[in-house]
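Asks: Quick one: this structure, given as structure tokens, is what I'll be asking you about.
The values are calculated or read from the model by the stated rules, or taken from the named source; none is laboratory data. Please read these numbers as outputs of a predicted model, since none were measured by experiment. Note: ideal-geometry Cβ built from the backbone for every residue, glycine included; neighbour counts use all protein chains shown. Remember, those area values only see protein heavy atoms, side chains included, never the ligands or the DNA or RNA. Shrake-Rupley method; radii C 1.70, N 1.55, O 1.52, S 1.80 Å.
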2 protein chains.
Amino acid sequence: MKISSLGEFGLIEQIRRTAARDAKRVRVGIGDDAAALMLSPASALLATTDMLLEGVHFDLATTDLFSLGWKSAAVNLSDIAAMGGTPRFCLTALGIPPPLSVEDIRVFYRGVNACLKKFGAVLVGGDTCRSRTGLVISVSMLGEMEKKRVITRSGARPGDLIFVTGTLGDSAAGLEVLQRKAGGRGQGTEVRKLIEKHLRPVPLIVEGRKIAASGIASAMIDVSDGLSSDLGHICEESGVGAEIVAANIPLSTSVMSLKTLERPALAYALSGGEDYELLFTVPPDKLRKFRSLRLGASEIGVITRGRSMSIVGGDGRKALLPASGYDHFRAGRNVRGTGR
Amino acid sequence: MKISSLGEFGLIEQIRRTAARDAKRVRVGIGDDAAALMLSPASALLATTDMLLEGVHFDLATTDLFSLGWKSAAVNLSDIAAMGGTPRFCLTALGIPPPLSVEDIRVFYRGVNACLKKFGAVLVGGDTCRSRTGLVISVSMLGEMEKKRVITRSGARPGDLIFVTGTLGDSAAGLEVLQRKAGGRGQGTEVRKLIEKHLRPVPLIVEGRKIAASGIASAMIDVSDGLSSDLGHICEESGVGAEIVAANIPLSTSVMSLKTLERPALAYALSGGEDYELLFTVPPDKLRKFRSLRLGASEIGVITRGRSMSIVGGDGRKALLPASGYDHFRAGRNVRGTGR
């Protein structure tokens, strides 16, 4: 069905119908001037927003609309995870270009709601308008957490050990494959895993909560711009440096086994981004408690004095590590066609 | 200065410097994964978002960037006002096309912050990315209010009187003048008032608070799509109808005195939109209390049984009133080039 035959308010009603209910926390949801929401009186409110633009962040030739909806929610949920919080409420603003149909928008919201539901959040409001250029997506996520447990980027101290969950570089490698595939190649199981990691990232809400509740982390961030950039954010905000060991950076067997990548696997980990893993620092006196959590995170280095970051290579030699991740505006540093 | 020479994170640092501080309520502000914010334990959280797209909602040929920043904040603040709430926190997501400079973005944020400051809110976070098409703005506003005082669109009952603050149609008339002016006309004081109303609307936070605190309103909405549309929203959500009197709809002397408008002044009031006045309903037993507030609102009609809206003309004849305000998607109903 054409959106023009349904109209703006008909479309909002369709979106309202797709959204899950949370009568306990949502006093007023979709369809009023603002949502009216209930938080625990003991909580701090967490709030974050991310924009995704067609032709910059995504290409409708390489993603389906369900995955795009999922990812739009996931990247915001990941920011709540990186604070250690519990996600609660989501608002979406959509600029919709004429080619998209009512069914397209429904599929997009099925993706949004599937991701929200998996992590206990609900859609409570938003905005819809027409776009004359491409599809424009802006998502805001609200969460809550114990006031004293908030984990920022600024608490890392020299001597703290650096950990990262999961594996790095998969999403960037998956994107590279997807962009080539537009030129038509088949894919095995390992390749499909990389693509899945790019199109439907899983925000680490459970892991973030465990880390926050146990009080073991001095700083935390999610890996969205690439390890070197995101570690750089922790160093800058904390006023410290870092030394990481190349051999300890976790790479998946999927990335390692892919022979056709344009760059070495480590490059995808350092500057690829969009992994949405959690990167965090643990003071030495919290290590025993941290290990008891069995998070399955890799120790990749240590926080140092000074402000510079370095990486120890396979040959034992130390080199300066520049923040080489994604920057939306710097000329010549954006090696690929999408950003985050 | 070019944004590319500053980079994404340099730009975020610039934006962080423009923002006012609120150490009591903002535990973590701009520059982390999410903002961590403090609300009163007795409050409901209000949350709203609005998107503004170049070429759809605004034209850089007819607005300066300070006004655009102001308006981006104001339209969201107006949604908080329409619930009766107190605005607290703002997040902005910006998609920035290459022609804009660092100074342009600074001026935009001066506008955002000037509006926020006037109404007691602060910028706490956001997202910046490059846009390949036009300037893309998405603003989310968070506010708070006493849990029991939230005013929705759904509480109007037959017999309630309908009031609206200020005057209607000025913004739409101002836009029409602006679009013609791009063809080069001079302007008097009255015309400048109309343009000002369009470019820098003033959200009625103080009036919304008074209405909420006194408990006199059964339903409320801000006039963003046009009186007929927004009254339609109240009727639909409340399951009621309405009868309004054309002669009682408040028109400004500026609109009345402008001889060159393409349509009758009343048409701008009924379907123009972007007035950001407050439209609300008052039960008969609350009228005395309402009058004691001295809000300067005009009584324009009464809520009726049924679902239809009608308007009584100057000749005393009653006609059906269709919701003729702005709809982003309906074909043939968008008489002008901008929406909201």
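Asks: Relative to the other copies, what are the label-point distances for B:Gly313, with labels 7 Å from Cα along the C-beta vector, expressed in nm at one decimal and sorted shortest first?
Replies: So the label point of B:Gly313 gives 8.5 nm to the other copies.
Asks: Mean projection of the alpha-carbon convex hull of the stretch B:1-160 over all orientations, in nm²?
Replies: Numbers: hull surface 43.8 nm².
For the stretch B:1-160, averaging the hull's shadow over all directions gives 11.0 nm².
Asks: If you take all C-alpha pairs in the stretch A:192-340, what percent of them are over 27 Å apart?
Replies: On the way: 2510 of 11026 pairs.
So the portion of pairs separated by more than 27 Å is 23 percent.
Asks: Sort largest first and round to whole Å: the equivalent ellipsoid semi-axes of the protein assembly as shown, each the square root of five times a Cα gyration tensor eigenvalue.
Replies: 47, 26, 23
Asks: Can you tell me the convex hull volume per residue for the stretch A:113-253, based on C-alpha atoms, in Å³ to the nearest whole number? Walk me through the numbers on the way to the answer.
Replies: Details: hull volume 25.1 nm³, N = 141.
Output value, Cα hull per residue: 178 Å³.
Asks: Separate question: Radius of gyration and Dmax for the stretch B:208-292's Cα atoms, expressed in Å?
Replies: 14.4, 43
Asks: Ok, one more. Using only the alpha carbons, work out the radius of gyration and Dmax of the stretch A:2-80 in angstrom.
Replies: Final numbers for Rg and Dmax: 15.8, 46 Å.
Asks: Between the stretch A:237-284 and the stretch A:188-233, what is the C-alpha centre distance in whole Å?
Replies: Cα centres, the stretch A:237-284 to the stretch A:188-233: 11 Å.
Asks: If you don't mind, there's one more thing I want to ask. By its C-alpha gyration tensor, with a ≥ b ≥ c as the square roots of the eigenvalues, how is the stretch A:30-71 shaped: rounded for a/c under 1.5, else prolate for a/b larger than b/c, else oblate?
Replies: On the way: a/c = 3.06, a/b = 2.31, b/c = 1.32.
Prolate, because a/c is 1.5 or more and a/b exceeds b/c.
Asks: Count, for each residue of A:6-12, the Cβ atoms from other chains sitting within 10 Å of its Cβ, then give me the mean as a whole number. The partial results should precede the final answer.
Replies: Details: counts 2, 7, 10, 10, 3, 3, 0.
The shielding value for this peptide is 5.
Asks: Further, regarding this structure: State in Å² the accessible area per residue of the stretch B:4-87; use a 1.4 Å probe, count heavy atoms of protein chains only, and round to the nearest integer. Each step should come with its number before you reach the end.
Replies: On the way: 2520 Å² over 84 residues.
I get 30 Å² per residue for this part.
Asks: So, one more: Ranked highest first by average number of other Cβ atoms within 10 Å, how do B:23-30, B:128-135 line up?
Replies: Details: B:23-30: 16.8, B:128-135: 20.2.
Listed from highest to lowest mean packing, they are B:128-135, B:23-30.
Asks: Taking R0 as 41 Å, what's the FRET efficiency between B:Arg16 and B:Ser310 from their Cβ-Cβ distance, rounded to 0.05?
Replies: On the way: r = 52 Å, r/R0 = 1.28.
Result of the calculation: an efficiency of 0.20.
Asks: Additional query: Label position 7 Å from Cα toward Cβ: report the copy-to-copy distances for A:Glu146 in nm, one decimal, ordered from shortest.
Replies: A:Glu146 label point versus its equivalents elsewhere: 3.3 nm.
Asks: If I take R0 = 45 Å and measure r between the Cβ atoms of A:Ala23 and B:Lys318 in this structure, what FRET efficiency does the formula 1/(1 + (r/R0)^6) give, to the nearest 0.05? Could you put the intermediate results ahead of the total?
Replies: Working: r = 40 Å, r/R0 = 0.90.
For R0 = 45 Å, the calculated efficiency reads 0.65.
Asks: Tell me the total accessible area that B and A bury against each other, 1.4 angstrom probe, in square angstrom rounded to 100.
Replies: Values: alone 15740 and 15760 Å², together 25390 Å².
Answer for the B-A pair: about 6100 Å² buried.
Asks: Kirkwood Rh over alpha-carbon pairs of the stretch A:64-146, then Stokes-Einstein at 10 °C and 1.306 mPa s: what D in µm² s⁻¹, rounded to an integer? Let's see the in-between values first.
Replies: Details: Rh = 12.9 Å.
Translational D for this selection: 123 µm²/s.
Asks: Based on alpha-carbon centroids, what's the gap between the stretch A:68-123 and the stretch A:1-35 in Å, whole number please?
Replies: A separation of 14 Å, based on Cα centres.
Asks: Pairing the Cα long axis of helix B:170-181 with the longest principal axis of chain B, what angle in degrees results, from 0 to 90 and rounded to the nearest 10?
Replies: Tilt of helix B:170-181: around 60 degrees.
Asks: Hey, what number do you get for the protein assembly as shown at 222 nm if only DSSP H runs of n ≥ 4 count, each worth -39500 (n - 2.57), divided across all residues, to the nearest 500? Display every interim value, and only then the final one.
Replies: Details: 20 runs with 228 residues, N = 680.
Result for the protein assembly as shown: -10500 deg cm²/dmol, rounded to the nearest 500.
Asks: Out of every Cα pair in the stretch A:132-184, what percent are spaced more than 12 Å from each other?
Replies: On the way: 1146 of 1378 pairs.
In whole percent, the share of Cα-Cα pairs in the stretch A:132-184 beyond 12 Å is 83.
Asks: Taking 40 Å² as the minimum loss, tell me which residues in the stretch A:62-89 lose that much accessible area going from the chain by itself to the full protein complex (1.4 Å probe).
Replies: The answer is A:Met83.
Asks: If I take every Cα pair under 8 Å that is 6 or more residues apart in chain A, average their sequence separation and divide by the length, what percent do I get for the relative contact order?
Replies: Details: 776 pairs, mean separation 73.1, N = 340.
With pairs under 8 Å counted, the relative contact order is 22 percent.
Asks: Please give the average number of partner chain Cβ atoms lying within 10 Å of the Cβ of each residue in A:119-129, rounded to a whole number. Intermediate values should be presented prior to the final figure.
Replies: Working: counts 0, 0, 0, 0, 0, 3, 6, 7, 13, 3, 11.
Whole-number average of other-chain Cβ neighbours for A:119-129 is 4.
Asks: Rg and Dmax of chain A over Cα atoms: what are they, in angstrom?
Replies: Cα only, chain A: 20.5, 66 Å (Rg, Dmax).
Asks: Measuring from a point 7 Å out along Cα→Cβ, what nm distances, shortest first, does B:Arg192 have to its partners in the other copies?
Replies: 6.8
Asks: When you look at the Cβ of every residue in B:55-61, what mean number of other chain Cβ atoms sits within 10 Å? Please list the in-between numbers first.
Replies: Numbers: counts 3, 7, 3, 0, 0, 0, 0.
Mean partner shielding for this stretch: 2.
Asks: Can you give me the long-range amide H partners of A:Val122? Hydrogens built in the peptide plane at 1.01 Å from N, cutoff under 5 Å, separation of 5 or more residues or another chain.
Replies: A:Phe89, A:Cys90
Asks: Can I ask one more? At q = 0.13, 0.30 Å⁻¹, what log₁₀ I(q)/I(0) does the stretch B:258-305 have when each alpha carbon counts as one equal point scatterer in the Debye sum?
Replies: These q points yield log10 I(q)/I(0) values of -0.47, -1.23.
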